[in-house]
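Novice: Here it is, the structure, as structure tokens.
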Amino acid sequence: MARYLALRVAQSLLTVFLIVSTVFVLVRLAPGDPAAAIGGPTATTEDLQAIREELGLVGSIPQQYWHFITGLLQGDLGLSYSFRQPALDVVLERLPYTITLAGAAIVLTALIAIPLGIFTARRANSAWDVGANVGTIAGQSMPEFWTGIMLLTLLAVVVPVFPASGFTSWSGLVLPAVTIALLQIALISRLVHREMAGNLAAPYVTVARSRGVAERRLTWRYAFANSSIPVVTALGTRFAAMLNGVVVVEVVFAWPGIGSLVVRALETRDYPLIQATVLVTSLLAIGVQLLIDLLYPLFDPRVRVGKAVSR
């Protein structure tokens with residue numbers, strides 16, 4: 001277990017390092033000049049050169065990369081060009097908002113998608129199943145920006161039940177969380193339906209039913225237990241993706257999270273802020289994936305970390 005964990009942590013750190021290094025090079029190869037974005041259209045050549053020197057952009061890319069790596073090892077990712085604060089501090093200040101939004105959305109998804117998928121799997125080819133399929137296909141087809149705008153119009157403008165933007169109270173969490181969850185519910189419920197339908201039709205369930213095992217126990221203890229790993233994997237993967245910032249939803253609802261921060265960083269060519277955002281979100285996403293791997297044995301005793309079980 002310890003060896004497996006050490007290996008996975010080493011792989012994760014290497015992955016984060018490669019991601020951050022790639023982003024460092026790509027943002028500098030992309031068109032645009034941070035000095036021009038800061039100086040504005042009236043800045044002279046001398047002004048732009050002075051700004052570049054202040055920002056540390058006068059050296060070659062390898063020189064800038066070495067300066068970045070030495071700072072990274074010391075926990076210093078540089079000053080944000082637009083906020084004039086340490087870039088890491090700016091990201092960590094926004095991070096709780098993104099975690100709150102992602103957590104609310106994934107909990108809502110799990111609470112609705114899992115029972116819905118089980119319900120339709122037990123009633124395969126019925127009117128309930130057809131209706132749920134139509135609903136989930138519609139949920140997958142609706143873009144998040146459109147869903148967000150419709151919810152915003154209906155429940156914040158026409159019928160002002162919830163705040164239109166920001167996070168001034170917990171009620172402000174409802175609309176963005178529902179907007180994100182609608183698509184995830186459609187995806188996860190279809191996955192649960194497929195896995196449960198296959199397990200409910202499996203011979204071991206038929207044998208257990210013939211022995212008089214209650215339907216509730218058959219559903220949850222037998223079928224769902226064997227369907228849990230792909231479901232948990234999908235939920236964890238979607239949660240990790242949300243931690244990277246749900247850009248469209250955060251912009252629509254003016255949510256002060258990482259997604260809207262990334263948009264601003266890209267618009268202003270804020271290299272330190274982009275790099276700090278990528279570093280933090282990569283660590284979170286990979287950490288979630290590692291946690292999911294470690295939780296597998298709890299859902300399926302046949303899974304053993306670090307060894308394969310052959311039968």
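Novice: Quick one: pull the percent of accessible area on the stretch 107-266 belonging to carbon and sulfur, 1.4 Å probe, ligands and nucleic acids left out.
Specialist: Of all accessible area on the stretch 107-266, carbon and sulfur atoms account for 69 percent.
Novice: Gain in length, R264 to V25, computed as 0.36 nm per residue apart minus the alpha-carbon separation, to one decimal in nm?
Specialist: Taking R264 through V25 to full extension adds about 84.1 nm, to one decimal.
Novice: Which entry in (1) 1.10; (2) 1.24; (3) 1.36 is this structure's computed Cα Rg over 2.2 N^0.38 Å?
Specialist: Here the calculated entry is (2).
Novice: Would you work out the charge dipole size for the chain about its Cα centre, treating the Cβ of every Lys and Arg as +1 and the Cβ of every Asp and Glu as -1, and quote it to the nearest 20 debye?
Specialist: In total the dipole reaches around 2060 debye.
Novice: Please tell me the relative contact order of the chain in percent, rounded to the nearest whole number, where contacts are Cα pairs under 8 Å and at least six residues apart.
Specialist: Working: 332 pairs, mean separation 81.5, N = 311.
With pairs under 8 Å counted, the relative contact order is 26 percent.
Novice: Compute, for L48, the solvent-accessible surface of its heavy atoms (probe 1.4 Å) with the complete set of protein chains present, and express it in square angstrom to the nearest 10.
Specialist: Rounded to the nearest 10, that gives 40 Å².
Novice: Among Y97, V213, A50, pick out the residue whose Cα is farthest towards the positive end of the charge dipole of the chain, where Lys and Arg carry +1 and Asp and Glu carry -1 on C-beta, about the Cα centre.
Specialist: In the chain, that residue is V213.
Novice: Anyone know which of P297, P31, P163 comes out most mobile in the 10 Å Cα GNM of the chain?
Specialist: Among P297, P31, P163, the largest GNM mean-square fluctuation belongs to P31.
Novice: Sticking with this one: With springs only between Cα atoms under 10 Å, which of L235, L72, L243 fluctuates most in a Gaussian network model of the chain?
Specialist: Of the options given, L72 has the highest mean-square fluctuation.
Novice: Keeping all protein chains in place, calculate the accessible area per residue for the chain (probe 1.4 angstrom), answer in Å². List each step's numbers first, then the result.
Specialist: Numbers: 16600 Å² over 311 residues.
Value returned for the chain: 53 Å² of accessible area per residue.
Novice: Next question. Pick from V161, V251, V192 the residue whose mean-square fluctuation is largest in a GNM of the chain, springs joining Cα atoms under 10 Å.
Specialist: Answer for the Gaussian network model of the chain: V161.
The values are calculated or read from the model by the stated rules, or taken from the named source; none is laboratory data. Being a predicted model, the structure only gives us computed values, none of them experimental. Cβ sites come from the backbone with ideal geometry, for glycine too, and all protein chains shown count toward neighbours. SASA here: full protein model, heavy atoms, side chains in, ligands and nucleic acids out. Shrake-Rupley method; radii C 1.70, N 1.55, O 1.52, S 1.80 Å.
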